[in-house]
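Below: the structure, in structure tokens.
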Amino acid sequence: MRAAFPDFRLGNVLATSFTGTLSERHGDAVERIPTPHRLVDWLAVNGLAVDSCTTAQLDLARELRESIHAAATAAAIQDALPASAVQVINDRSAQGRAAAILTPEGKRQWRLSSASCVEDALSVIAADAISIIAGERDGKLALCASPTCRAAFFDTSQSRTRKWCDMNTCGNRQKKARFIANQRKNPRSAE
Ligand SMILES: [Zn+2]
């Protein structure tokens with residue numbers, strides 16, 4: 001029987017979807033890629049299919065993830081980028097050999113140098129992180145308002161006033177908490 005693993009949170013920005021594979025960093029942290037196989041699953045969902053992944057490659061992936069998290073957090077609060085995180089992001093970006101392919105339908109796909117090359121997939125994620133941290137894309141890095149989350153996310157809303165990394169999780173929880181708090185304050189209004 002296959003063990004149940006925590007679901008992935010899917011966003012539309014590759015780098016921050018990747019950092020979201022560890023959630024609730026300031027609460028009860030949830031590891032969403034606990035095994036090499038789950039990293040393979042995550043990569044497949046994100047258009048970076050690989051055949052296999054070793055424990056060492058999973059370690060590389062997690063190191064990259066935490067480096068992106070650290071650098072994106074620093075960028076969000078306009079702090080200096082941590083040198084060690086920058087080094088890891090650059091190493092992963094430089095190590096992989098992924099090619100951008102244009103499909104006949106006009107979509108972009110990634111072609112990795114071999115089906116076992118997790119490093120190629122990580123280079124695509126690292127390059128994505130570089131583009132948002134360097135401010136090359138239309139949007140702004142911000143930190144989730146949930147005190148147990150504080151995830152760095154890429155706000156592409158017109159007003160740049162998004163508060164939560166994810167409306168379906170952090171945003172909803174916050175709304176519910178506010179609703180309960182209001183009910184306590186004004187018990188009659190809920191009747
Ligand atoms: Zn959040």
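Since every read-out is calculated from the coordinates, none of them should be taken as a lab result. The structure presented is a predicted model; accordingly, all values stated were derived computationally and were not measured. Using ideal geometry, Cβ is built from the backbone for each residue, glycine included, and neighbour counts are taken over all protein chains shown.
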Folded to 0 to 90 degrees: helix 36-45 orientation relative to the chain principal axis, Cα | 80 degrees
Which of Lys175, Lys163, Lys107 fluctuates most in a GNM of the chain (C-alpha springs under 10 Å)? That residue is Lys107
Helix 118-133 versus the longest principal axis of the chain: what angle, 0 to 90°, nearest 10, using Cα atoms?
-> 50 degrees
Alpha carbon centre of segment 80-148 versus segment 50-68: separation in Å?
-> 13 Å
Work through the residues other than Val13 whose Cβ is under 9 Å from its Cβ and net out their charges, Lys, Arg +1 and Asp, Glu -1.
-> 0
So what's the back-of-envelope 222 nm ellipticity for the chain, counting only DSSP H runs of four-plus at -39500 (n - 2.57) apiece and dividing by all residues, rounded to 500?
-> -13500 deg cm²/dmol
Cβ-based exposure ranking for Val88, Val30, in which fewest neighbours within 10 Å come first = Val30, Val88
Normalised contact order of the chain, rounded percent, pairs of Cα under 8 Å and 6 or more residues apart | 20 percent
So what's the angle, to the nearest 10 degrees on a 0 to 90 scale, between helix 83-95 and the longest Cα principal axis of the chain?
-> 40 degrees
Debye, to nearest 20: dipole size of segment 82-191, +1 on Lys, Arg Cβ, -1 on Asp, Glu Cβ | 840 debye
No Cys partner within the rule (Cβ under 4.7 Å), the chain | Cys53, Cys117, Cys170
Fluctuation leader among Asn46, Asn90, Asn168 - the chain, Gaussian network, Cα springs under 10 angstrom | Asn168
Taking K and R as +1 and D and E as -1, what net charge do the other residues with C-beta under 11 Å from the C-beta of Ser84 add up to?
-> -3
Segment 14-138: Rg/Rh from Cα coordinates, Kirkwood Rh?
-> 0.96
